[in-house]
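Undergrad: Here it is, the structure, as structure tokens.
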Amino acid sequence: MDRGLPYDSDAGRTYAAAVTALMHGEAYAQSARVASAMGPFAGHAKNAEPMLRVIDKHRKHAHMIDSSRVPRGLMQAVYDVWDEAYALAPARLPKQPGDRPGAHRHHRLHDGLRHHGIEPDIRARQVQEAASVAA
């Protein structure tokens, strides 16, 4: 808003895309940092490669934002955070939490916590709703 960009313009949408990409990339990077310290989520071994592909797809799309419409520093931050998120991705971590020194301690402390994010919850709800409609 302070830039005077109309919401319904290419410049406004591009700027919003860059800010959104920055926040999204930072969220992925932070999640990877947490996984590095505490161990990956329960379904990590099964989902490691698909997850890495998703992160790479987001990273590639962030690099496709029209940089001529966004301040250079903001675009560089977007590129940097997605490159970092990809480099830190949990798919690159050891497959078992105990493969890192001290990891078993963190894993044991957090066994009761949910490490798999919201997506499985959303999918479970969709399956339940579909089952109730079919019944």
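The values are calculated or read from the model by the stated rules, or taken from the named source; none is laboratory data. On a predicted model such as this, the values are computed, not experimentally measured, just so you know. Quick reminder, even Gly has a Cβ in these numbers, built from the backbone with ideal geometry, and neighbours come from all protein chains shown.
Undergrad: Can you tell me which residues in region 39-93 are without any contact (Cβ under 8 Å) to a residue 40 or more places away in the chain, buried (at least 18 other Cβ atoms within 10 Å of the Cβ) and either among the basic types (Lys, Arg) or in a loop (DSSP other than H, G, I, E, B) (or both)?
TA: ARG59
Undergrad: Has region 68-79 got at least one residue that is modelled with pLDDT under 85 and either out of contact with any strand residue (DSSP E or B) (no Cβ under 8 Å at 6 or more places or on another chain) or among the aromatic types (Phe, Trp, Tyr) (or both)?
TA: For region 68-79, residues modelled with pLDDT under 85 and either out of contact with any strand residue (DSSP E or B) (no Cβ under 8 Å at 6 or more places or on another chain) or among the aromatic types (Phe, Trp, Tyr) (or both): absent.
Undergrad: Exposed (fewer than 14 other Cβ atoms within 10 Å of the Cβ) and polar (S, T, N, Q): is that true of SER9 in this structure? Before the answer, list the steps.
TA: Details: exposed (fewer than 14 other Cβ atoms within 10 Å of the Cβ): yes; polar (S, T, N, Q): yes.
In short, yes.
Undergrad: For region 1-57, give me each residue that is charged (D, E, K, R), within 19 Å of GLY73 (Cα to Cα) and under 11 Å from the mean Cα position of the chain (by Cα).
TA: If the condition is that a residue be charged (D, E, K, R), within 19 Å of GLY73 (Cα to Cα) and under 11 Å from the mean Cα position of the chain (by Cα), then GLU26 is the only one that fits.
Undergrad: For residues that are surrounded by fewer than 13 Cβ atoms within 10 Å (Cβ to Cβ) and out of contact with any helix residue (DSSP H, G or I) (no Cβ under 7 Å at 6 or more places or on another chain), tally how many sit in region 20-38.
TA: The number of residues fulfilling the criteria is 2.
Undergrad: Scan region 1-38 for residues that are part of a helix (DSSP H, G or I) and among the polar types (S, T, N, Q) and jot them down. Reasoning before the result, please.
TA: First, pick out the residues of region 1-38 that are part of a helix (DSSP H, G or I): 10-38.
Answer for region 1-38, where residues must be part of a helix (DSSP H, G or I) and among the polar types (S, T, N, Q): THR14, THR20, GLN30, SER31, SER36.
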